[in-house]
Structure formats: C-alpha cells, structure tokens
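Read the figures in this text as sums done on the coordinates, not as results from a lab. Given the structure is predicted, the values throughout are model-derived calculations rather than measurements. Neighbour counts are summed over all protein chains in view; Cβ atoms, including those assigned to glycine, are modelled from backbone coordinates with ideal geometry.
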Amino acid sequence: MAGVSRLQYTTEMRLIRVMCTGRVDSSHVLRAFSKGADGVFIGGCRLGECNYTTHGNHQALKLVLLFKKVFERVGLNPERLRLEFMSGSDANIFVESVNDFVTGVKELGPLGESEGLAKDELELKLKAITKLIPYIRVVENERLRVHFDTQEEYQEFYSGEEMDRLFDELIADKLVISQIMLLLREKPLSTGDISQILGLTPSEIFRHLNNSARQGLVKYEESQDRFALGLS
Amino acid sequence: MVTLTKKPRYVDESKCTGCTTCVENCPVVYPDPFNQGISKNKAIHIYFSQAIPLVAYIDESCRYLKDKTCTICEAVCQNDAIDFNQTEEKIELKVGSVILSPGLEPFNPELRQDYGYGKYENVVTSMDFERLLSSTGPYEGEVLRNSDLKPPQKIAWIQCVGSRQVIEGGNSYCSAVCCTYTQKQVILTKDHLEGVECTVFHNDIRSFGKDFERFYERAEELSNVRFVRSYTSVAGENPENKNVIVRYSTFEDGVKEEEFDMVVLSIGLNPPADYEGLAKKFGIELEEHGFCKIDPSDPIKTSRPGIFISGAFQGPMDIPEAVMTASGASSQCGEFLDYRRGDLAIEKVYPSERDVSMEEPRVGVFVCHCGANIGRVVDVPSAVEYALTLPHVVYAQEQLFACATNSAQEITDMIKEKGLNRVVVAACTPRTHEPTFRETLREAGINQYYLEMANIREHCSWVHSKEKETATKKAKDIIRMSVARVCHLEPLQEFELPVNKAALVLGGGLAGMNSALSIAEQGHEVYLVEKDAELGGIARRIHHTLEGLDVQEYLDDLRRRVYRHPLIHVYTDADVTKSDGYVGNFVTEIESEGRSMEIKHGVVIIATGAEVSVPDEYLYGEDDRVMTHLELEERLAAADERITGAQSLVMIQCVGCRNEDRDYCSRVCCSESVKNALKLKEANPEMDIYILFRDIRTYGFNEDYYREAAGKNVTFIRYEPENNPQIEPATSYEDDRNILRVTLPDYVLGKKMEIDADIVALAAAVVPSETTKEVAGMFKVTLSPDGFFKEAHVKLRPVDFGTEGVFLCGMAHYPKLISETVNQAYGAAGRALTLLSHDTVVASGSVCEVEEDKCISCGACIEFCTYGAIEFYESPQGRKARVNPVLCKGDGLCNRVCPTGAIQLKHFTDKEILSEIDAMISETKAVQQADKVAGGV
C-alpha cells in the first residue's frame, strides 16, 4: 500500500519477498549481515491476523527476540534487527517504521563499527552464530515452546528471568564454544590468546576448553602450551 | 434479457494503466467523495487506491465536460487513454438468472439536522470517522478535527442515529452493526491517539455476533473508555473552541452536559438508494422498510423466480452474513442453471513445455517504463544497459507497458528468438501482473515458474519519486537481485488430482438438509448423516418464527424433499467413526443403525448444530414452574393451560451465558423471548409478562417485534449481572396463591422490586453440540474459544475451514436464527460446489518438499503445519516426513522450524532466497566470501 499511496520512504533498503514471515529464517538474517547489511527489518502481519492458518508471525517474533539476545551476548547491537507487525493497508506504519529503523541503523554506522569490532572479529561472531543455527532450532522446538497472544507478553517472557536462565543454560556456552572452535580451526591458541580475542576471562575460557577437551573436541598440546582442534 | 447502461468514464480502460499522471496535472479540485468530502480530489481520479479496475475516470466537475476549456489530461497521458468522445453505452446480456447485491445506503443525519451534523464542524458520522482512521483517508490515518485540524483528545460516540426510531425520517429497525463497529472505532482510536478519552452513549449494547461479546469487553476495559447508557442529544457548540456540547442523563446524576472535542454519530443502515426503482425494474416485491421482501425459510430468493439476492438487501447485516449469502446466492443460481453448466466454457491449449533443465541459464530482462510511472524517475535505458552486464543475462530491452498485449507478444517472441530460458520482468508488483507474465511464459513454451518480477514501481519509482539517481541505483539493485534469483528457480508443475464428486453432510437439521438439497439439486450424490433417529435437529422444538413462519410445516416439507431426492442418502442413528483423506478424496467410516459402512466423498459439510444448556440456577430442575424458553415454546404450542392460564409470567434472559464460563451472547434468546411473549399475549391478553434482561438484542427487523411487545404491555426490566434476580417459592400477598417470587433491584426508582410469577422461563444459553470436539478431531478442524467450530476467516471465509474441502454451516458455527441458518446452509453448499463442479483440484507448484536424506523425523514440521499437509510415512530408510502437495498452502513455516533444512518450500528455497540476499550488495567478491560463510551452515 505504501507504493500505491505514493508514500515516500528511505532508499536505503532492499526488499526480499517471502510469502509469510514464518518463512524468514535465522540463516537468512545472518547471511544478510555477513553480506554487508547493517540492519535487517522483518515486516509481517499483525499477531492474530494470519493470512494462512499457521500463524507464522509468532515464530518470526520469537526468532527476532531470541536473536536479539544472541546478538547482545556476542557484542552485536540488537537494534540492528527489528520486526514490525502491520496489515497490508498499514502503509503509514510501514513507512514510519522503516524510516525510523534506517535512521537508527545509520546512527549506529556500519556493522561492527558501533560495536568496536574489527572485520575479522565480526566475521568470527557471525560465523559462530551461523554454525549454531541447527542447534538453536532444536532448542526452540524443544525448550522454547511458548505461545502468547500479544507482542508485549512475548517481550516480557523473552526479557524475563526464566528466559535468562534458559538462555544461559542452553545457548550462552555454545556461543563461546562455537567461537573457540572457529579460532582453533585457524591455528592452535593458548587460553590467554583466546581470552583476549573474545574478551572473556581466562578462567571461563579454560572451563570451556576443559569441557571440550573431555569430549575430544580439542586437545592440549603441551609442547606449545596451546590448545588445538581435537580432530585435526 | 438484461440491458446495462454503462456511463462514460472518458478514459479507455484497456489503455489506462493507473499511473495517475493525469490526476496530478488536472486543475479541478473538489471534495473527494470516497473520503466523505473531507479531503480533496481532482476531476479525473481513481475512485480509491484499491479500486478494481485501477484506472481513472472523469466526473462531472471536469472543465472540458462543462465548457470544453481544458484538455490537460489528454495532453499528459502517454498512453492516449483519455477519450472525451465516449458516450453512454447500452449493453444487452442474455442471462439465465440474476443476483441483486445492491448493498445499503448509510443513514444521512444531515437531512434532519440530527445532532448538529452539517451545522457543527466537529460532529462527524461514523463513515466520516472511518475514513479519518484509514491510512488512505484524508489525513493519512491521522484523526484530526475539521475545525482546527488538531487531534481530538475527547471523543463521544452517539449510538442508534437513525435506527430504532419511530419518528419521521428515522428507521424503526435496529441496524445490527453499529454497536460493534463503534467498539472497533474506539479500539482503533485508542491505538491512534495516545491518552484520548472515548465515551460511547448507547442504548442496549448489541454484541450478538460470534466473538462480539469479548470484543465489547476488550473495548470497555481500555483505559479512559466509558460506556454510558443514556438518551443523548447535542445541545450546542462552544463558540470559542468549537467543542460540541452533549446533553445526556443517567439514573445516578440526572441530566448533565459535557463538552467533547469531537462527536461521532453511529449512523445506521438504510435500504439501497432507489430501492423502489430497483424493485420495479426487476419485478420484485419489497418489505415495508424498503429492503427486499423475503421468505424466512429461503431468504435468498425474491418474489420472482430466477432473481436472487445477497447481502444487506435482505436487511441490515454484518460482513460475514453478507459473504455467506453471496455464496448462498451462487448455489441457488447453480441449482437454477444446472442444466446448462459448462456450456460457455472454452479450454485453452498451451504449447508443450521445453525442457531447459540441462541448459545454462539464459536470462532475458524486460524493463518497463509503465508509461511515465517508472520512466520519469528511474533511468530505464541505463537499467537495461546495466542488466546486460549481469551474469547469465543474454538479452535485455525496455518496454513502454510490459503488460500490454503487444508487449507480451514481444516477450514470447524474444524467448523463442533468443532461446531464453528465464525471464525477469522489471515492472510492478507480482500481486497484479505475475499471472499475466506467467501466462506469457507458458505461451512461449517455458515453465511458468521461470519468471521473476523485479518490482521497480511500488518498491522504487513510486516511493522515491524525488530521488531519481538513488532510485535508478536501487532499481538496478532490484534487477540484479532478481536476476540472481531467477537463475536458481526451478521448473514446477501444478498438478491435478481427481475430485470425488460426492458430498458428506454431517448433521440432519435445517442447515444440513438445506445444504444437502442444494448440492443434490446440482447433480451430486449426497450422504446425509444424522446422529438422532430422525431428521430435523433443534428445529423440531421450534414452532413459529417471529415473522410467522410455521416451522413444523416447513420442516415436514424439507424432510419430504430430502427423503424423496434420488441423490440424497440419509443415515439416521449414525456416527462417524473414522475419516481419512483430504480435499477431493475423503474416506469416512460411519455406523448407522448398527451397520458400519465406508463413504467416499470429495467434500464435507459440518452442520452438527447446537444444544440448549441445562440451567443450574433459578430453581431449574427443582420447581416445575421453572422452564427454559424452548420448553415454554413447546408447552405454549401444545396449548398447555398451566401456561396460557398463568396470571403472571417472568422471563429471565442471559441464563448461563455472557458470564465468565461462557463469554458469549447466545444471539437468539431475546428474539425467542419476545416471540413467546407475543404468543402468550395472543393466547391470554390479560397475562402480566415481565422480561428481565441485560441488553435486549432484537437486532435487525426483530426490533419491530420488541416494540410491538412493549406496546402490548410486556414489561421489560433491566438487571445487572452483579445483582441478578433472586427467586423463591412464596404465596402471593394479594390472593394467597402459590407463586415464585422474583426479586431484583429497580434502577429507575432505586429500590428493590418484587414480582409474583406463576411461571418463570429461562433464556438458557445455546451451547455447542456434544459431538463437536470429536468431529473437530476427526476432520482436523479447529474450535473457537467458546467451543463452536472455527471458520477459516471470520469475515472473508465464514463457511470455510482452514482445512480445505471442509465447510461449515448452521448453529455448529454459532447460534443463529432460522433464516440465518438457511443463508449459511446455501453458503456452504455454494462453497462446496466450487470444488464439486470441477473434475480435479489443482495444487500450486510452490509447495513444500522433504529431502528425505536430511529428515531426522523429529516431527517439528508436522506439528507446526496447521493444514495437516505433512505426515510421517515409512520409507525404506525409516520414518520420514512427507508433504501432501494438495494440502500445502506454501507459507513455509515448516522450513523455519526444521533443524536440518530438510523441508524446503519450492520457489522460496533457501538457495533461492540466499541468492537474492547475496546479490543485494553487488561485488562478485562478496559472493565468494558468502559461500565461505555458508559452508558453516
């Protein structure tokens, strides 16, 4: 409707058409970021007004809320990802929200800049999350089966204590390990090296390395005082 | 023979592309009728932004038409669409039947200067307000006052304007839709204007529709929203700020005046304009209010055979009912014209499809100017040039109008000449022209799914019209993304499955029988399954309708027609034990009178009806003088002297509903009680009758009977649920007879009142029938929160289910009156016929498919697919998910929940979507980089 109504909006956005926000996948979002997008905007039907009977917009909202948390955890600005609900005739909502979103993203600058991440660091983070996608989907299917009627209720749940606990238990460690694995794939590193790159305490890194070593994922190479991939 | 008069629009529809260049240049500015005259439009304009066809017309304010002084539009139209030589055209049509859907006319309060409309600037009608709320409205969705263009902070709605009035110029009936549309407006207003105060001055609140009671509660519970029960008038205007002064009275405070920034008049519905002319032209009869005269047992028929009606010409109705009657009218036409079905159909033949799967992509790009629509913002020639530099593009050209017939031919020719195997049309939204261009590809012998539309109009030129350079850059980006995507597209087949042309109708009440008859009359076998020993359903207990229909006589006739119909097979004492299959091909097992059998059918109609609840209050079941409204009707019909001889009779409304457990209105009880009261008065005019109510909901024309009852001294007393009537056996103070004493507060006098009753009738809630849950499970359909069946879409698909091939009608959907049941029964039959009248059902090519090697049989996709399109099956490699393409609707939610990416929505696969994302930023370098990232997935 924005088109038919000739409402003018930002030129700094490229649209990808899907039939339902439920089709939007975390891999698409991450691919866009790793391809150089500085923000990803998802627009979909209002909750309860599904064009199909599947209510895929609930899943889209859950995806966005979860990945905002993931982003936050690895040091990416969650404001770079936004979901907005609107009906086909809500041209003004579309225009206002994309304009507002693009303005916000422009203030943040290119991805990585406001986060203080160098290009290779950024790449590492995005790769680490991408690797976890299949796992995160299982977590969503098995452990995050919540259903609410309103966006506020979802927001409340996703910012609540129970969610924090689930996130810490199920995802947080995996994010760190995923990054460590990617680093070690390049070359063996010491605990100190890794702790410096990831900005985490050496003892935390050591805990992950130790656990991973027990599972045979990494091994300690005494000669170099470094850890390397277990299967290399 | 029907003669149509087509007025000249002075614009050639086949040439106009809806670009609106003419509108911008037209010098005549006048009030826009679509926006209620609040904002301005031009003499040449498109009626509204979603108009079909989306082409301009010229109205009588045009200068050329007045005195031939201006032809600007003719000069600026690049497509020569303006034609001032057009004259009125007569078109003669030979038709077998006619459906009249003339709709309604909003009540015009200006005629009587009601409530200061037309006098005070800030008094608007609900139609005006509706436009103010709309994003395509006069202020683009901002609600502003007429007087100062400021957002109002305090708004009042006045209900029943032009309705429920027996004064000159008013309508005696209830318009049935205003209570709920007002609540909708309140909710939207609260969304639009932060902190706004909303007050609704109302009479009864008539939330009788499905889910309407909840909707009312939602509106009422919003902050700063007041519902005030009061007679209301507009007392004047504050000259300083143009605020409107509303005078109203309440029992607590007496008469009060209050100032509002804006007053909205909730205007009612009038019959269509020129209803008399319409009736004369078609030779049909009207009822007293000017709507069509109808028979409550068949409200779609007019008094003249072959002429049918749908929508509000039957009387005031809401969207779902209008849609039901529309499908119903189609079914009646189908019955009427069945002997000629298919006579005018022509089959189109396409050339056979060229197999290009082994070829490298050879992409052709066609960039459309869309007249000036795209061309004057986007540099089309440079976009064409750019397209030629893209990988796999072997041909590109510009077109003035890609959608024009000659342009389509050009595309077909080029596909053949240049050996193209993929096509990008850079033009407008796929929502309008994708089917056109898919057709073009088919005609060129290429699979239709090898088309991609790059939307450089709605997504570019129209929304960046002042930024030519960046818009051109963006258009190139869009084309690049489309080219990337089109290279990955796969040829898809839309395949066809045979339809079993028989119907299963579940439930042999009024709804089921009418559906069955309508389907059978159109030549289809019908299996009618009834759980009781005889047909008729709850209608067996109803004797008359308010309009005077003899229900038992009607029912007998209906039963006779059903039993005599050679194509209807009736099974009584029957249960469904199992059902399998899907649209077009169901297999259902039933047990009838001890025998079990298997029925094969293409569609199902669920018409399992509803029941009357058994009250657990007001001494029901303890004292035999207390009965339900339906029991009262039965005993009255049997001329039971204990009933007709009663001195005093009390009816209590809303028993067992509109409460926490059953948060809905049973819709029919107010009319039922008024009907019983009138019948009682007929039998015994001396009887004192009291109806204790919360809101009297005699919507539509039934309002006239409510008024009649009040006129016959039936006493209506309102009660609040917190202070509901109390009832106890007692002896009368006057004559020592044994009575039931009913006590309740009198809000008018502010004290307790006592009524001595010989009989108490309870308007017991209508509840879903016992079998509802079981049937829902069997046919994979869902229930709404109140336990009735849930339709696919409340307004747009009121007799369909989300599950294809399954339809719904009657009280199984929600309590309703007999005429409404018949409407919906025909509606369901009409919808069923859209499937049964075809030999096959066609499944879209864009459906999901499972790559079995990747499937880990976790079942996530199956659980999320509410269409029931995915099932497990035992493959040689173990249990795997499998998609039934006929049931898949292509939303792709399953893709998102599959942990291994095993299930993919064709035409929107990850590969296709990612290729578009990758092409978003142009460097080829980036593509390689991205592939490296993707390696990790």
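Please report the spacing between the Cα centers of the stretch A:11-58 and the stretch B:31-83 in Å, no decimals.
Cα centroid of the stretch A:11-58 versus Cα centroid of the stretch B:31-83: 38 Å apart.
If the limit is 18 Å between Cα atoms, which of B:578/B:790; B:119/B:242; B:675/B:795; A:69/A:125; B:210/B:816 go over it? The partial results should precede the final answer.
Numbers: B:578/B:790 21 Å; B:119/B:242 11 Å; B:675/B:795 29 Å; A:69/A:125 14 Å; B:210/B:816 10 Å.
Flagged as over cut-off: B:578/B:790; B:675/B:795.
Among DSSP bridges having both ends in chain B, what percentage is antiparallel? Round to the nearest 5. List each step's numbers first, then the result.
On the way: 75 of 146 bridges.
The antiparallel fraction comes to roughly 50 percent.
So if R0 is 45 Å, what FRET efficiency would residue B:63 and residue B:429 give, r being the distance between their Cβ atoms, rounded to the nearest 0.05? Intermediate values should be presented prior to the final figure.
Working: r = 34 Å, r/R0 = 0.75.
Computed FRET efficiency for residue B:63 and residue B:429 comes out at 0.85.
For a paramagnetic label modelled at 7 Å from the Cα of residue B:563 toward its Cβ, which residues of the stretch B:501-537 fall within the zone defined by backbone nitrogen distances under 11 Å?
Residues B:534-535 fall inside that zone.
Within 10 Å of each residue's Cβ, count the other Cβ atoms and sort B:513, A:1, B:453, B:811 from fewest upward. Don't skip to the end; give the middle numbers.
Values: B:513 29, A:1 20, B:453 25, B:811 32.
Lowest count first: A:1, B:453, B:513, B:811.
Shape call for the stretch A:93-178 from the C-alpha gyration tensor, a ≥ b ≥ c root eigenvalues: rounded (a/c under 1.5), prolate (a/b greater than b/c) or oblate? If you can, show how the numbers build up before the last one.
Numbers: a/c = 2.29, a/b = 1.12, b/c = 2.05.
Oblate, because a/c is 1.5 or more while a/b does not exceed b/c.
Determine the distance separating the Cα centre of the stretch B:386-465 from the Cα centre of the stretch B:483-506; give it in Å without decimals.
Computed from Cα coordinates, the inter-centre distance equals 23 Å.
R0 = 41 Å: FRET efficiency of residue B:172 with residue B:90, Cβ-based, nearest 0.05?
Values: r = 39 Å, r/R0 = 0.96.
Efficiency for this residue pair is about 0.55.
Are there chymotrypsin sites (Phe, Trp or Tyr not before Pro) in the stretch B:477-565 that DSSP puts in a loop and that have at most 16 other Cβ atoms within 10 Å, and which ones?
On the way: sites: B:495, B:527, B:554, B:563; in loops: B:495.
Those satisfying the criteria are B:495.
Expressed in nm to one decimal, what extension gain is obtained for the pair residue B:713 and residue B:591 from 0.36 nm per residue of sequence separation less their Cα-Cα distance?
Answer, rounded to one decimal: 38.7 nm.
For every other residue with a beta carbon closer than 14 angstrom to the beta carbon of residue A:88, add +1 if it is Lys or Arg and -1 if Asp or Glu, then tell me the sum. Working shown, then result.
Values: positive: A:17, A:46, B:431; negative: A:49, A:84, A:90, B:458.
Cβ neighbours under 14 Å give a net charge of -1.
Obtain the nm distance between the two label points defined at residue B:110 and residue A:49 by a simple spin-label model: each point lies 7 Å from its Cα along the Cα-to-C-beta direction.
Going by the 7 Å Cα→Cβ label model, 3.0 nm.
Please report the antiparallel percentage of DSSP beta bridges with both residues in the protein assembly as shown, rounded to the nearest 5. Write out the running numbers ahead of the final one.
Details: 80 of 156 bridges.
The antiparallel proportion sits near 50 percent.
Sort B:600, B:889, B:476, B:348 so the one with the fewest other Cβ atoms within 10 Å of its own Cβ comes first. Numbers along the way, then the final one.
Working: B:600 14, B:889 22, B:476 25, B:348 7.
Ordered from fewest to most neighbouring Cβ atoms within 10 Å, B:600, B:889, B:476, B:348 come out as B:348, B:600, B:889, B:476.
Need one number: the % of Cα-Cα pairs in chain B sitting beyond the 35 Å mark. Intermediate values should be presented prior to the final figure.
On the way: 278062 of 438516 pairs.
Pairs farther apart than 35 Å: 63 percent.
Multiply the residue gap between residue B:840 and residue B:639 by 0.36 nm, knock off their C-alpha separation, and tell me the result in nm, one decimal place.
Numbers: separation 201, 0.36 × 201 = 72.36 nm, distance 5.50 nm.
Between residue B:840 and residue B:639, full extension yields an extra 66.9 nm.
Each residue of the stretch B:361-373 in turn: what ³J(HN,Hα) in whole Hz from Karplus with 6.51, -1.76, 1.60 and θ = phi - 60°, glycine and Pro shown as x?
x, 10, 9, x, 10, 10, 9, 9, 7, 6, x, 9, 3
Out of residues 5 or more away from residue B:783 or on other chains, whose amide H comes under 5 Å of its own, with H placed 1.01 Å from N in the peptide plane?
Amide H neighbours of residue B:783, under 5 Å, 5+ apart: B:790.
So, in Å, what gap is there between the alpha-carbon centers of the stretch B:845-877 and the stretch B:541-582?
Rounded to whole Å, the Cα centres lie 41 Å apart.
Once phi is turned into θ = phi - 60°, what whole-Hz ³J(HN,Hα) does the Karplus curve with 6.51, -1.76 and 1.60 give for every residue of the stretch B:628-642, x standing for Gly and Pro?
Coupling constants for the stretch B:628-642: 7, 4, 6, 5, 4, 4, 5, 6, 5, 5, 7, 6, 5, 5, 5 Hz.
Using alpha carbons only, how many degrees (0 to 90, rounded to 10) separate the axis of helix B:702-711 from the longest principal axis of chain B?
Helix B:702-711 sits roughly 20 degrees off the main axis of chain B.
Near the amide H of residue B:841, under 5 Å away, which other amide H atoms are found, from residues 5 or more places off or on another chain, if H is placed in the peptide plane?
B:497, B:499
Please identify which residues in the stretch B:197-238 have an amide N closer than 19 Å to a label point set 7 Å out from the Cα of residue A:152, following the Cα→Cβ vector.
Backbone N within reach: B:197-198, B:214-226.
Enumerate the residues in the stretch B:100-143 having an amide nitrogen under 16 Å from the point lying 7 Å beyond the Cα of residue B:153 toward its Cβ.
Nothing falls inside the zone, counting backbone N under 16 Å.
Just flag the GluC sites (Glu not before Pro) in the stretch B:89-185 sitting in loop per DSSP whose Cβ has no more than 15 other Cβ atoms within 10 Å.
Details: sites: B:89, B:92, B:110, B:121, B:130, B:140, B:142, B:168; in loops: B:110, B:121, B:140, B:142, B:168.
Sparse-neighbourhood loop GluC sites (Glu not before Pro): B:110, B:121, B:140, B:142, B:168.
Take every Cα pair under 8 Å in chain B that's 6+ residues apart, average their separations, divide by the length, and report that relative contact order as a whole percent. Display every interim value, and only then the final one.
Numbers: 1965 pairs, mean separation 100.0, N = 937.
Answer for chain B is 11 percent.
What is the fewest-to-most order of B:66, B:531, B:90 by other Cβ atoms lying within 10 Å of their Cβ?
Working: B:66 12, B:531 20, B:90 8.
Lowest to highest Cβ neighbour count: B:90, B:66, B:531.
Convert each backbone phi in the stretch B:595-607 into a coupling constant with the Karplus relation 6.51 cos²θ - 1.76 cosθ + 1.60 (shift: θ = phi - 60°), then list the ³J(HN,Hα) values in order as whole Hz, x for Gly and Pro.
9, 10, 8, 10, 10, 9, 8, x, 9, 10, 10, 9, 9
Under 1.5 on a/c is rounded, so check that first for the stretch A:187-229, then, if it is not, pick prolate when a/b is larger than b/c and oblate when it is not; a ≥ b ≥ c are the square roots of the alpha carbon gyration tensor eigenvalues. Present the calculation step by step, with values, prior to reporting the outcome.
Working: a/c = 2.03, a/b = 1.24, b/c = 1.63.
Oblate, because a/c is 1.5 or more while a/b does not exceed b/c.
Would you kindly state how much longer the chain becomes between residue B:360 and residue B:497 on full extension, computed as 0.36 nm times their sequence separation minus their alpha carbon distance, in nm to one decimal? Intermediate results must be reported in sequence, preceding the final value.
Details: separation 137, 0.36 × 137 = 49.32 nm, distance 3.27 nm.
Answer, rounded to one decimal: 46.1 nm.
When N is the residue count of the stretch A:136-216, what does its C-alpha Rg come to as a fraction of 2.2 N^0.38 Å? Don't jump to the answer; show the numbers that get you there.
Numbers: Rg = 16.2 Å, N = 81, 2.2 N^0.38 = 11.7 Å.
With N residues counted in the stretch A:136-216, Rg over 2.2 N^0.38 Å equals 1.39.
Give the calculated FRET efficiency between residue B:47 and residue B:13 to the nearest 0.05, with a Förster radius of 22 Å applied to their Cβ-Cβ distance. Please report the intermediate quantities before stating the final value.
On the way: r = 13 Å, r/R0 = 0.59.
Calculated transfer efficiency: 0.95.
For chain A, list the DSSP H helices whose alpha carbon atoms reach 15 Å or more along the long axis and whose average Kyte-Doolittle value is 0.0 or above? Kindly include the intermediate steps, with their values, before the conclusion.
Numbers: long enough: A:56-74 (27 Å, 0.26); A:91-108 (26 Å, 0.51); A:119-143 (34 Å, -0.41); A:173-186 (20 Å, 0.76); A:202-214 (18 Å, -1.00).
Length and hydropathy pass: A:56-74, A:91-108, A:173-186.
For the stretch A:2-166, I need the span (max minus min coordinate) of the C-alpha atoms along each principal axis, in Å, sorted largest to smallest.
43, 35, 25
Only sites in a loop by DSSP and with at most 13 other Cβ atoms within 10 Å count here; which GluC sites (Glu not before Pro) in the stretch B:800-862 make the cut? Each step should come with its number before you reach the end.
Details: sites: B:804, B:820, B:849, B:851, B:852; in loops: B:804, B:851, B:852.
The qualifying sites are B:851.
Label-point separation (nm) for residue B:660 and residue A:169, each offset 7 Å from Cα along Cα-to-Cβ?
For the pair residue B:660/residue A:169, the computed spacing is 3.2 nm.
Between helix B:405-418 and chain B, what is the angle of the helix's C-alpha long axis to the longest principal axis, kept within 0 to 90° and rounded to the nearest 10?
On a 0 to 90 degree scale, this one is about 50.
Angle, helix B:669-683 long axis vs. longest principal axis of chain B, Cα atoms, 0 to 90°, nearest 10?
Tilt relative to chain B: about 40 degrees.
Note down, for the protein assembly as shown, the three equivalent ellipsoid semi-axes (square root of 5 times each alpha carbon gyration tensor eigenvalue), biggest first, whole angstrom.
Working: eigenvalues 609, 291, 234 Å².
The equivalent ellipsoid of the protein assembly as shown has semi-axes of 55, 38, 34 Å.
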